[in-house]
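Below is one structure, written out as structure tokens; comments come after it.
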Amino acid sequence: MKGKVFALMVHERPEPCQGLKSVLRRLGVDTFSVSSCDEAEHLLEQTHPHLLFSDTKLPDGTWIDVLNLAEDAPAPICAILVSASKDPELFRAARDYGAFDCVSPAFNTEAVSELIQRAILFVQAVRERHARSAVA
């Protein structure tokens, strides 16, 4: 991974995101948490996180609202749904709606590490393409 990686986590409840934060820290990913879509929107306007992790329910919206924010972010970002649910329909819907992937607790460090590396490579490549096209 090139440079420092920053992840924005949008969740009201400590779980399931708390366990994920520990794994991300071990991988060297800086995290910042907010508890609402409104806070996420404000922070996305000021920062350019590589990753956006969203819980399924928030006080002012759902994971769909967070994916919409990711789509409209000033810089390309990989959004990942975090859910304790094992419902394959939820995960399929999230991917169909634009999520890069989905994760569930208990977070396997090796699996999360692979996911993060894929997401970072993807978002860096997209950002580089955007930068090249802006110069051209």
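Output the residues belonging to region 102-127 that are in contact (Cβ under 8 Å) with a residue 24 or more places away in the chain and assigned to a loop (DSSP other than H, G, I, E, B).
Ser104, Pro105, Ala106, Phe107
Run down Val123, Val82 and say which single residue is within 15 Å of the chain's Cα centre (by Cα) and within 15 Å of Leu24 (Cα to Cα). Let's see the steps before the verdict.
Numbers: Val123 fails: within 15 Å of Leu24 (Cα to Cα).
After ruling out the rest, the residue left standing is Val82.
Being in contact with a helix residue (DSSP H, G or I) (Cβ under 8 Å, 6 or more places away or on another chain), of a type in the set (Gly, Ala, Ser) and on the phi < 0 side of the Ramachandran plot narrows it down to one of Ser22, Ser54, Ser35, so name that one. Walk me through it before giving the result.
Working: Ser22 fails: in contact with a helix residue (DSSP H, G or I) (Cβ under 8 Å, 6 or more places away or on another chain); Ser35 fails: in contact with a helix residue (DSSP H, G or I) (Cβ under 8 Å, 6 or more places away or on another chain).
On inspection, the qualifying residue turns out to be Ser54.
Laboratory data are not the source of any read-out in this text; all were calculated from the coordinates shown. Note that the structure is a prediction, hence the values are computed from the model and not measured. Every residue, glycine among them, receives a Cβ derived from its backbone with ideal geometry; neighbour counts consider all protein chains shown.
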